[in-house]
Amino acid sequence: MNILITGSGQGLGCQMAIMALKRGNKVWATVHSLAHVSERLSEATNTYADKLHILEMDVSSEAGVHKVYEYLEKRNVILDGIINNAAVLLEREKTIENLDLSAMEESFAVNTIGPMRVIQKMLPLVYKGNQPVIINISSEAGTIINAFPTNYPYSMSKTALNMFTERLREYLKSSDVFVYAIHPGWMRTNMGGNDAPANPEDIAIGVLDIMERKKVIYSKIAFIDSTGRPMPL
């Protein structure tokens, strides 16, 4: 498969990129800045020189995403999969009284509109793919029944991402493009911290099994966990 993975510089994005390469896929790993690519991803270019392509792309930038689209289109790249993983976690502990609303704008720009922009630009390449799959990495923080009195920017932007994913799934279902929003779980990453119970490698395996259509998904909604089970809305 040819897979585009955003937010690949570190954490789950990096883990999914490495795992996808090990499985024989070609990966276009996009990062917010080439200056902040993890050592692990950089070293992978030595092992997978013909399969790994690291590109700079700020998902909140229309020009930045379009530039990557042009790069791929000019090289006749088709995409069998997109994993929208890039995200920010801002003002996590703030209550409404002291919440910086600019963090809301930035969170929606990256966590919600970012994936929408990537898909909007890359969809012509996806249509040419072989049994393509689009995955938006979401979070249980976006479930309404699990609401709590803080973490407004991240949780609300993920709720909106889930709604977009559901609508996109309806739009593309006649085109044999599978679309999911996946809750990866609390993982040991820079965002999740060292106390998190889940191993990013295990999560990456689950996500890629879904990407490669190795797992039959019975969920009636697009929002699922990395094992394919439906998540509460």
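With the requirement that a residue be buried (at least 24 other Cβ atoms within 10 Å of the Cβ) and either closer than 16 Å to Gly206 by Cβ or among the hydroxyl-bearing types (Ser, Thr, Tyr) (or both), what does the stretch 19-34 give you? Once the filter is applied, which keeps residues that are buried (at least 24 other Cβ atoms within 10 Å of the Cβ) and either closer than 16 Å to Gly206 by Cβ or among the hydroxyl-bearing types (Ser, Thr, Tyr) (or both), the stretch 19-34 yields Ala20, Thr30. Report yes if some residue within the stretch 178-187 is modelled with pLDDT under 95 and more than 14 Å from the chain's Cα centre (by Cα); otherwise report no. The answer is yes; a qualifying residue exists.
Listed by first and then second residue, the pairs linking a residue in the stretch 204-222 that is farther than 22 Å from Lys158 by Cα to a residue that is in a loop (DSSP other than H, G, I, E, B) and small (Gly, Ala, Ser), with Cβ atoms under 6 Å apart and 6 or more places separating them unless they lie on different chains, are Lys215/Gly228.
Of a type outside the set (Gly, Ala, Ser), at positive phi, touching a Phe, Trp or Tyr at 6+ places or on another chain (Cβ under 9 Å) and modelled with pLDDT of 95 or more - does that describe any residue in the stretch 103-111? No; the residues of the stretch 103-111 include none that is of a type outside the set (Gly, Ala, Ser), at positive phi, touching a Phe, Trp or Tyr at 6+ places or on another chain (Cβ under 9 Å) and modelled with pLDDT of 95 or more.
Summed over the stretch 113-152, the residues that are in contact with a Lys or Arg (Cβ under 8 Å, 6 or more places away or on another chain) and either charged (D, E, K, R) or part of a helix (DSSP H, G or I) (or both) give a count of 3.
Screening Gly81, Gly114 for residues that are over 14 Å from Ser138 (Cβ atoms) and buried (at least 21 other Cβ atoms within 10 Å of the Cβ) leaves exactly one candidate, Gly81.
Matching residues to (1) within 13 Å of Ala29 (Cα to Cα); (2) out of contact with any Asp or Glu (no Cβ under 9 Å at 6 or more places or on another chain); (3) of a type in the set (Lys, Arg):
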{"position": "Ile54", "(1), (2), (3)": "yes, yes, no"}
{"position": "Gly64", "(1), (2), (3)": "no, no, no"}
{"position": "Val88", "(1), (2), (3)": "no, no, no"}
{"position": "Glu93", "(1), (2), (3)": "no, yes, no"}
{"position": "Asn98", "(1), (2), (3)": "no, no, no"}
{"position": "Val110", "(1), (2), (3)": "no, no, no"}
{"position": "Gly114", "(1), (2), (3)": "no, no, no"}
{"position": "Lys121", "(1), (2), (3)": "no, no, yes"}
{"position": "Asn136", "(1), (2), (3)": "no, yes, no"}
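Among the residues of the stretch 81-115, the ones that are β-branched (Val, Ile, Thr) and either under 21 Å from Gln131 (Cβ atoms) or free of Cβ contacts under 8 Å to residues at least 12 places away in the same chain (or both) come to 2 in all. You will find that of Ala63, Ala49, Ala17, Ala29, the residue that is modelled with pLDDT of 95 or more and over 28 Å from Glu105 (Cβ atoms) is Ala17 and no other. Inside the stretch 130-142, residues that are surrounded by fewer than 19 Cβ atoms within 10 Å (Cβ to Cβ) and either modelled with pLDDT of 95 or more or under 14 Å from Ile83 (Cα atoms) (or both) make up a count of 2. When Ala109, Ala103 are checked against the criterion of being part of a helix (DSSP H, G or I) and either of a type in the set (D, E, K, R) or closer than 27 Å to Val177 by Cα (or both), Ala109 stands alone in meeting it.
The values are calculated or read from the model by the stated rules, or taken from the named source; none is laboratory data. Please read these numbers as outputs of a predicted model, since none were measured by experiment. All Cβ positions, glycine included, derive from the backbone under ideal geometry; neighbour counts span all protein chains shown.
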